[in-house]
Amino acid sequence: MKTTLPVTRGVPVACFAVIATFVLAAPVPSLRADTQYWNRTAAGLVWANASNANWAAAEDGTTYASWGAGNDAVIVTPSAAIAFGGSNVSAASLVIRNGATFTHTGTGSGGNTGLRITGANGASGSGDFSLTENMDSAASLRVFLESHVAGSTGYNGTITVNSFSNTSSGLYLGADSKNTDAYTGTDANTRIVLNGGALFLNGGLAGNTATLGSLSGSGRIALASVFSVNSGARTLRVEQVTDTIFAGDIGSRTISQGNNSLALTKAGAGSLTIRAGSASGYAGTTTVEQGTLHLVGVFGSDSAGGQNVNQGDFVVKSGATLGLDGTFNLGGAKALTIEDGGVFDAGRTTLDGIGTTTSKGFVFEGRATILFTLGSGDTGDLVTLVDASMVGQSSGAADSIFFNFTNAGDAQAGESYDLIRFGADARAGIALTEYALSQQSTDAGWAGSFSYSEDGKTLQFTVTAVGSTIPEPGAAALLLGGAAVGLLAMRNRIR
């Protein structure tokens, strides 16, 4: 029977006959073509294993060889099930035609295994895949999107990360070490769904930004390769036009290297709600450029110094909305800054400066709108600024801070409601003349007057006419969509 061999780089044509003679005794050859194809249909086969050839030189090829490190990979098999074992392998790009599931091999084995996608040939790849645990293996499974290649396109597809017993398993953005070139492993076409799994911002992102097209699900967002040489903020930029919810920890309340930090930027017209887990906190800046970002829960350590992580600055750009609902333990000089044209959705929010603080709490840099639900007790919104330095700061222009009121259902004419409780007398920080009703509130029938309490610490509004409840578009849809992650247990704060 005639044996057909794949062409191997560096092997003279005259040698093929010799190779054919000994092919049964020789090791499995490794294809070194630029592109290798996976068209195997059996489940559980291994990506890279010298004794188990699974890669073809053409998408319909029937001659197989082992993986050639650094090649482009194309997964042809629909819903392919592929295992990794023994070590990490590298690919310039990964293209998945019709979905794939990656897992890991070994019975009781430890160590790290997975895939590093370098983007070396100008693209990280495309297609949907998931990471799923093999319960018989103690190894970690890690996929790295680590391109810093200029002009390379980020991964285009939905990546689902399921839960793992090994806490270092998950999706890693960036290589292990700091890289000053712009990160290009992801972009606005990269969609991440955490199904109990983990998303890591790796050392290569230090001083850099990773962009996602959407973030949803539940799990953990954390830093990896936390070393002093990887100093700088690793920014996660979520540039989405859809409305999604993420429930789980983002960052950490302690870190061994204080010069490693996480920052968050929300862009795109959509809404992202993050419901914090039990250990959330990040020292980098939260910037809302477009759309809406809601943060719900406790963020930052309530202790200062040492390895504690206190929450960083908040900045709201013109036309964007930041909603807070919970406790935010700010670093010493950190504050919530609303730039001209920005919107703040108040919630029941506490800003607490941890340790010695010079924070002003609220900083208004021009015209701003505050979305606020009026009601008695816990039904209404309330902003509390804890520290004595938190007296606010503003532009000083009259009628520049507009309240857009919504009725919680029990607001009454003749009643006075606390809006903001400052840490000390705030009259020197923000003059009373700067507060006003928004045009939307006036159109809805609200009327009344703003005042400071006798000691100047509390901003209040006395209602003379109760307006109609201003509809909150999309709230019902968001609540239904978040049922799976327990959003119904939260008071209705999403606008």
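Of the peptides 53-63, 85-95, 365-375, the ranking by mean beta-carbon count within 10 Å, highest at the top, reads 365-375, 85-95, 53-63. Placing unit charges on each Cβ (+1 for Lys and Arg, -1 for Asp and Glu) gives the chain a dipole about its Cα centre, and among Ser416, Val463, Val143 the Cα reaching farthest toward its positive end belongs to Val143. If you wrap the Cα atoms of the chain in a convex hull and average its projected area over all directions, you get 26.0 nm².
At full extension, Ser449 and Ala269 could sit 61.4 nm farther apart than now, given 0.36 nm per residue minus the alpha carbon distance. For the listed peptides 434-446, 400-412, a ranking on the average number of other beta carbons within 10 Å per residue, highest first, reads 400-412, 434-446. Residue pairs exceeding 23 angstrom between C-alpha atoms, taken from Lys334/Lys457; Lys178/Lys334; Lys178/Lys360: Lys178/Lys334; Lys178/Lys360.
With only the Cα atoms considered, the stretch 189-264 has a convex hull volume of 81 Å³ per residue. Here r is the Cβ-Cβ distance between Thr180 and Val241 and R0 is 30 Å; the resulting FRET efficiency, rounded to 0.05, is 0.45. Residues in the stretch 437-447 carry Karplus couplings, in order, of 6, 6, 4, 5, 5, 4, 4, 7, x, 6, 8 Hz; the curve used is 6.51 cos²θ - 1.76 cosθ + 1.60 with θ = phi - 60°, and Gly or Pro positions show x.
As a rough footprinting exposure proxy, the listed residues Lys334, Lys457, Lys178, Lys266 were ranked by other beta carbons within 10 Å of their own, and the order from fewest upward is Lys457, Lys178, Lys334, Lys266. Sequence-distant or interchain residues sharing an amide H contact under 5 Å with Ile221, placed H: which? Answer set, sorted by chain and number: Leu199, Asp249, Ile250, Gly251. A cut-off of 5 Å between modelled amide H atoms, ignoring neighbours fewer than 5 places along the same chain, links Ser394 with Phe364.
How many angstrom lie between the Cα centre of the stretch 41-93 and the Cα centre of the stretch 180-250? The stretch 41-93 and the stretch 180-250 have Cα centres spaced 27 Å from each other.
Put simply, the amide H of Arg116, placed in the peptide plane, has neighbours under 5 Å in Val89, Ser90, Ala91, Phe144, leaving out anything fewer than 5 places away on its chain.
Mean residue ellipticity, 222 nm, helices only, the chain: the sum of -39500 (n - 2.57) across DSSP H runs of n ≥ 4, divided by residue count and rounded to 500, is -1000 deg cm²/dmol.
By the Cα gyration tensor, the stretch 31-232 has an equivalent ellipsoid whose semi-axes, rounded to whole angstrom, run 25, 20, 16 from largest to smallest. Coupling constants for the stretch 137-154 follow from the phi torsions by the Karplus curve (6.51 cos²θ - 1.76 cosθ + 1.60, θ = phi - 60°), and in residue order they are 10, 9, 5, 8, 10, 9, 10, 10, 9, 10, 5, 10, 6, 4, x, 6, 8, x Hz; glycine and proline get x.
Coordinate-derived values only; no laboratory data. Given the structure is predicted, the values throughout are model-derived calculations rather than measurements. Backbone-built Cβ (ideal geometry, glycine too); neighbour counts: all protein chains shown.
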